[in-house]
Amino acid sequence: MSWHRLLAGSTKYAVLIAFAAFYLVPFYVMILTGLKPLEDISSFEIWNMPKSLDFGSFREAWNQMDTNFWNSVRITIPGAIVSTFLGSLNGYVFAKWGFRGSNWILFLFVFGMFLPGQGILIPLVWVLQFMGLYGKVNGLIMAYCIFGIPITSLLFYRYYASVPDELVDASKIDGCGFFGIYRRIILPLSGPTFAVVGVWQCTRIWNEYLMALVVLGNPARAPVTVAIKNFSSMGVIPWNLQMAAALIASVPTIAVYLLLGKLFMRGLLEGSLSG
């Protein structure tokens, strides 16, 4: 029996390692390409190790997009924080302070998740122009916050629906109001869900390209995703610079997952088991 278990366990890990290796192949190719000078890159030698370690592509890529990298930081942090807290408040209202028509409003919130981003670009530009925010970083942050509310509200609603109503009712009897219950009861229980929603929003905002390209026409204000695309705007595509820039741009999201990975998985499991 032990041999069967050993064989089954070995097979399972072998399959998982094979899938992980397959998934990491593009990352491996990106690293090799970023470490090569442009003249050593060809489609026939894409798998070959570089003749020597050359970090010049990373230095040049960083020098060309360092401003855009910090633009992404300034856009992502407030956008993720604001949309996460708004989603938390909305989920709290829908789960514990239901009112007439709240289910329909929640349905409309969820319906907003399925609106294609390409279809709302023109109305978005009109609204931002009317508000005087078109072409400004604050306008892009506001757009990310608004379009992040549907998914963040749904995720928090699913979790808060599993919180016993008796806790909320007892707090009301003790004299706690709307914000008192949220601060003393709901918020301390929300750590894993905040991790899930925060990581989701950080990743989504950091990697978003189309809305940033349309709303921010000035390359100096553009985030890092637009800057990476601008590397290929020349006649010859500098693959080593593009791969180096993409690797640099992926560092923050990888760091967020490494730091909050356990909370992220815990929040996903709790959200899937709730309700």
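Conditions tested, residue by residue: (1) at pLDDT 90 or above; (2) within 25 Å of Ser190 (Cα to Cα); (3) outside the structural domain of Pro252 (by the TED database).
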{"position": "Asn68", "(1), (2), (3)": "yes, no, no"}
{"position": "Val73", "(1), (2), (3)": "yes, yes, no"}
{"position": "Leu89", "(1), (2), (3)": "yes, yes, no"}
{"position": "Trp97", "(1), (2), (3)": "no, yes, no"}
{"position": "Leu140", "(1), (2), (3)": "yes, no, no"}
Quiz prompt | Any hit, segment 188-207, residues being open to solvent by 30 Å² or more (accessible area, probe 1.4 Å) and over 20 Å from the mean Cα position of the chain (by Cα) | solution = yes
Exercise. State all residues of segment 61-91 that are open to solvent by less than 10 Å² (accessible area, probe 1.4 Å) and either without any contact (Cβ under 8 Å) to a residue 60 or more places away in the chain or closer than 16 Å to Val196 by Cβ (or both); if no residue qualifies, say none.
Key: Ala80, Ser83, Thr84, Gly87, Ser88, Gly91
Quiz item: Cβ-Cβ below 8 Å, separation at least six or inter-chain, first residue in segment 201-212 and outside any helix (DSSP H, G or I), second not hydroxyl-bearing (Ser, Thr, Tyr): which pairs?
Solution: Glu208/Pro223; Tyr209/Val226; Tyr209/Lys229
Quiz item: Assuming Tyr157 fulfils every condition listed in (1) within 17 Å of Glu208 (Cβ to Cβ); (2) open to solvent by 20 Å² or more (accessible area, probe 1.4 Å); (3) aromatic (Phe, Trp, Tyr) apart from one, which condition is it?
Solution: (1)
Quiz item: Is it the case that Asn71 is in a helix (DSSP H, G or I) and within 23 Å of the chain's Cα centre (by Cα)?
Solution: yes
Practice problem: State yes or no: is Gly261 over 25 Å from Thr152 (Cα atoms) and at pLDDT below 85? | Solution: no
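Of a type outside the set (Gly, Ala, Ser) and either open to solvent by less than 40 Å² (accessible area, probe 1.4 Å) or not assigned by the TED database to the domain that holds Val168 (or both): does that describe Pro50?
So Pro50 fits the description; yes.
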Practice problem: Using the structure shown, decide if Ala80 is out of contact with any Phe, Trp or Tyr (no Cβ under 6 Å at 6 or more places or on another chain) and modelled with pLDDT of 90 or more. | Solution: yes
Quiz item: How about segment 133-154: which of its residues are part of a helix (DSSP H, G or I) and open to solvent by less than 40 Å² (accessible area, probe 1.4 Å)?
Solution: Gly139, Leu140, Ile141, Ala143, Tyr144, Cys145, Gly148, Ile149, Pro150, Ile151, Thr152, Ser153
Practice problem: Considering each residue of segment 156-186, count those that are in a helix (DSSP H, G or I) and either of a type in the set (Phe, Trp, Tyr) or without any contact (Cβ under 8 Å) to a residue 60 or more places away in the chain (or both), and give that number. | Solution: 18
Quiz item: Among the listed residues Phe178, Phe130, Phe111, Phe147, which satisfies the condition of being more than 25 Å from the chain's Cα centre (by Cα) and more than 17 Å from Ala95 (Cβ to Cβ)?
Solution: Phe130
Exercise. Sort out which residues of segment 93-124 are open to solvent by 60 Å² or more (accessible area, probe 1.4 Å) and touching a residue at least 40 places away in the same chain (Cβ under 8 Å), and write them in order of number.
Key: Trp97, Met113, Gln118
Exercise. Return the residue satisfying two criteria in turn: it lies in segment 13-66 and is outside any helix (DSSP H, G or I) and modelled with pLDDT of 80 or more, and of such residues it is farthest from Leu247 (Cα to Cα).
Key: Lys36
Quiz item: For Ala249, are the conditions met, namely being at pLDDT 85 or above and not polar (S, T, N, Q)?
Solution: yes
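The values are calculated or read from the model by the stated rules, or taken from the named source; none is laboratory data. As the structure is a prediction and not an experimental result, all values here were calculated from the model. Positions of Cβ are generated from backbone atoms using ideal geometry, with glycine treated the same way; all protein chains shown enter the neighbour counts. Just the protein is used for accessible areas: all its heavy atoms, side chains included, with ligands, DNA and RNA removed. Shrake-Rupley method; radii C 1.70, N 1.55, O 1.52, S 1.80 Å.
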